[in-house]
Amino acid sequence: MRRFAMAIALLAAGGSSGSAALAADAAAGSFPKALAEEPIPAVEKLPAQWPASWMLVHDFHFSSILDGRVMVVDTASTERPIRGMVRAAQFANMLVSPSRREILTSETFYSRLTQGVRTDVVTIWDMATLLPKGEIVMPGGKRQQSVTYPQVFQFTNDQKWALVANFTPAQSVSVLDLDARKVIAEIDLPGCAHLYPTGKRGFSSLCADGSLLSVNLGPDGKAVASKTVENIHDVDKQPMFGTPAWQGQTAWFVSYYGRLQAFDFSGNVGKALPGAFDLGSAEGAAPEWRPGGWQVIATDTAGKLYVLMSPNGREGSHKDGGTEVWVADPATKTRTARIALRSLATAIGLTKEAKPQLIVARADGEIDVHDAATGTFVRSLGKAGGDNPLVITAP
């Protein structure tokens, strides 16, 4: 009766046709039924074994660096590519360990958001719920804050420990025991940058004078031995991107000019392997083809190397992005394919599927999927990687 009276009142007031229709609906009692109540919070669990098409995409989020995130992306799905997300605040870095069922983010917070007391932590996230399950506080405000370099946050000691690069601007490395949830050691690292897990329990670092420093750690995490290998890379003629493509404990680096060099980190001391080779060039370059982007090199399960290339190579163009991906076979030391991209890209990665897919993070934030074998464009995932996807990681 009350809804009928409201309808009559609307009509009497000279309501519009829309009002009349609403009144008629009200009189007929045709309002939709109330939705069922939903429990809050409602948390869905991800599968214990993630499909091989799933990737982690680190969104640096330049417009709000405080609000960085890591997206869990199903690269095989256009309808629901985003499967979840974890926070990665303030120049964060990320690691994933399927054996531990954990995602780790190395982060920095301030008590008043952008100022106040600084707290550096490693947050440990559960891979099934994407909820935090613990954290390790790192004292001193030393953690290196830089734009998503993977090699400033790494595992060692069979993923029992994590290594965190520090910069104050003095450089050092903190060793974290992930099970004990504490910092167990700090090692000075003057003049050297990036961390490459070495041997069973150690790391190596490339140094500004062209040398390589390898550090062996004892059971307590403290340095027990170190060795410097001189003149292992030419920082003037063939400067290398700091993020390599890993094949087991062999790391393939590419230089700013397209030279591919492998390093063996399986022993206590890292060493350059013989057989470095150049990707070569091609027509249509202005002035020449060079690698460009943020994450410029990746590898598939067959051992082929994929390098993001730009035809507009010049001094300082190594971060500009690329428009093609060149595929190289280290066994024959030749380029085997060129994959044309739909747009300028900044990062590439490969899924671990039986038929690997090439995942491309474009400069406009879109994520594209290409068939790695043929180079054919397969699908677009839109902004599934967030606003500024810069690092793509296969779990």
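Does Thr148 meet the test of being closer than 28 Å to Ala223 by Cα, surrounded by 15 or more Cβ atoms within 10 Å (Cβ to Cβ), among the β-branched types (Val, Ile, Thr) and touching a residue at least 60 places away in the same chain (Cβ under 8 Å)?
When the stated conditions are applied, Thr148 passes them.
Could you tell me which of the residues Ala361, Ala345 is touching a Pro at 6+ places or on another chain (Cβ under 7 Å), buried (at least 16 other Cβ atoms within 10 Å of the Cβ) and either of a type in the set (Phe, Trp, Tyr) or in contact (Cβ under 8 Å) with a residue 24 or more places away in the chain (or both)?
Details: Ala345 fails: touching a Pro at 6+ places or on another chain (Cβ under 7 Å).
Just one listed residue meets the conditions, Ala361.
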Residue tally, condition acidic (Asp, Glu) and either farther than 19 Å from Val72 by Cβ or modelled with pLDDT under 95 (or both), over the range 320-367: 4
Residue in the range 112-120 that is modelled with pLDDT of 95 or more, in contact with an Asp or Glu (Cβ under 8 Å, 6 or more places away or on another chain) and either within 24 Å of Ile65 (Cβ to Cβ) or polar (S, T, N, Q) (or both) present: yes
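One residue is enough: does the range 368-390 have a residue meeting the conditions within 20 Å of Pro244 (Cβ to Cβ), modelled with pLDDT of 95 or more and either touching a helix residue (DSSP H, G or I) at 6+ places or on another chain (Cβ under 8 Å) or part of a strand (DSSP E or B) (or both)? Don't jump to the end; show me each part of the working.
Of the residues in the range 368-390, the ones within 20 Å of Pro244 (Cβ to Cβ) are 372, 389-390.
Those left that are additionally modelled with pLDDT of 95 or more: 372, 389-390.
Filter again for either touching a helix residue (DSSP H, G or I) at 6+ places or on another chain (Cβ under 8 Å) or part of a strand (DSSP E or B) (or both), leaving 389-390.
Yes; the residues of the range 368-390 include at least one that is within 20 Å of Pro244 (Cβ to Cβ), modelled with pLDDT of 95 or more and either touching a helix residue (DSSP H, G or I) at 6+ places or on another chain (Cβ under 8 Å) or part of a strand (DSSP E or B) (or both).
Residue check: is Val175 more than 22 Å from Cys207 (Cβ to Cβ) and within 24 Å of the chain's Cα centre (by Cα)? Walk me through it before giving the result.
On the way: more than 22 Å from Cys207 (Cβ to Cβ): no; within 24 Å of the chain's Cα centre (by Cα): yes.
Taking the combined requirement at face value, the residue does not satisfy it.
Return yes when Gly284 is touching a Pro at 6+ places or on another chain (Cβ under 9 Å) and either surrounded by fewer than 21 Cβ atoms within 10 Å (Cβ to Cβ) or modelled with pLDDT of 95 or more (or both) and no when it is not.
Details: touching a Pro at 6+ places or on another chain (Cβ under 9 Å): yes; either surrounded by fewer than 21 Cβ atoms within 10 Å (Cβ to Cβ) or modelled with pLDDT of 95 or more (or both): yes.
Here the answer is yes, as Gly284 does meet what is asked.
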Filtered residues of the range 69-99 (kept if within 14 Å of Pro150 (Cβ to Cβ) and either of a type in the set (D, E, K, R) or outside any strand (DSSP E or B) (or both)): Ala88, Phe91, Ala92
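The values are calculated or read from the model by the stated rules, or taken from the named source; none is laboratory data. Worth saying up front: this structure is predicted, and the values here are computed from it rather than measured. So basically every Cβ, Gly included, is an ideal-geometry build from the backbone, and we count neighbours across all protein chains shown.
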